Amino acid sequence: MNLLGEIFNYLIQTALSLFLFAVLIRLMLQLARADFYNPVSQFVVRVTNPLLLPLRRLIPAIGKLDTASVVLALLVQTASIIASLALMGYRPANLLIILVWSLIGVLSLAVNLFFFAILGLIIFSWIAPQTHHPALALLHQLTEPVMGPFRRLVPPIGGLDLSPILVFVVINVLGKLLAAMAAQFGMPPGIVPGL
């Protein structure tokens, strides 16, 4: 691929990944029952509403799960993979394989999102422990459903919360499993960022 093609591929993947990131954050905030009056939540809602609201008319929610958000995330990841395949000169793969790659990509991004959210909370707890920024409150609400069970397993030692270490181990194991699945299904390198 020539330099112009690489740049174009990078820009397309970045734009679609950022939107996919917003869709996944919205889905996770809904699952965590986070505060949607938070300014950061309001931004995510405004960014995702143009595509999500029409899709919700067609695809109803199943219990707490916003099925339209899941479908939108898979569609965005599929579009990113198809565009990357075309720009990288790979011949088009079977649509079923592309959908499997998309599912692996969405799961990988969700795992990475939790990793960086927890890492952000840890850093801010050291730098500015008394900060009441809306983004930090949202990060706490987003990560609490994952961190809570681990906190019960690993009690604080002298006021130090060691549960994030266990969460990072699980996240790394999940990342390795997803990378192995991507290789198993023949996903070309560079098609999905992070895999």
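The values are calculated or read from the model by the stated rules, or taken from the named source; none is laboratory data. Since this is a predicted model, take the numbers as computed values, not measurements. Neighbour counts run over all protein chains shown; Cβ positions are idealised from the backbone, glycine included.
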Return the only residue of L195, L107, L160, L178 being closer than 20 Å to R26 by Cβ, among the aliphatic types (A, V, I, L, M) and either under 16 Å from the mean Cα position of the chain (by Cα) or modelled with pLDDT under 90 (or both).
L107
Any residue at all in the range 128-151 that is of a type in the set (F, W, Y) and part of a helix (DSSP H, G or I)?
yes
Restricting to the range 13-52, give me the number of residues that are hydroxyl-bearing (S, T, Y), at pLDDT below 95 and either surrounded by 15 or more Cβ atoms within 10 Å (Cβ to Cβ) or not in a helix (DSSP H, G or I) (or both).
3
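Looking only at the range 113-123, decide whether some residue is over 18 Å from the mean Cα position of the chain (by Cα), more than 30 Å from T78 (Cβ to Cβ), surrounded by fewer than 18 Cβ atoms within 10 Å (Cβ to Cβ) and in contact (Cβ under 8 Å) with a residue 60 or more places away in the chain.
No: zero hits.
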Pair list, Cβ under 6 Å, 6 or more apart: the range 44-60 residue more than 14 Å from V70 (Cα to Cα), other residue surrounded by 15 or more Cβ atoms within 10 Å (Cβ to Cβ) and among the charged types (D, E, K, R):
V44/R26
Check whether at least one residue in the range 87-96 is surrounded by fewer than 21 Cβ atoms within 10 Å (Cβ to Cβ) and closer than 19 Å to L52 by Cα, and report yes or no.
no
Counting only residues that are over 24 Å from E6 (Cα atoms) and in contact (Cβ under 8 Å) with a residue 40 or more places away in the chain, which one in the range 164-184 is surrounded by the fewest Cβ atoms within 10 Å (Cβ to Cβ)?
F168
With respect to the numbered conditions (1) in contact with a helix residue (DSSP H, G or I) (Cβ under 8 Å, 6 or more places away or on another chain); (2) within 23 Å of A32 (Cα to Cα); (3) modelled with pLDDT of 90 or more; (4) not basic (K, R), which one is the sole condition not fulfilled by V154?
(3)
Yes or no: the range 53-67 includes at least one residue that is at pLDDT 95 or above and under 28 Å from H133 (Cβ atoms).
no
Which residue, of V173, V169, is farther than 30 Å from A93 by Cβ and among the β-branched types (V, I, T)?
V169
Looking at P189, is it surrounded by fewer than 17 Cβ atoms within 10 Å (Cβ to Cβ), modelled with pLDDT under 95 and in a loop (DSSP other than H, G, I, E, B)?
yes
Restricting to the range 124-146, name every residue that is among the hydroxyl-bearing types (S, T, Y) and either surrounded by fewer than 16 Cβ atoms within 10 Å (Cβ to Cβ) or at positive phi (or both).
S125, T131
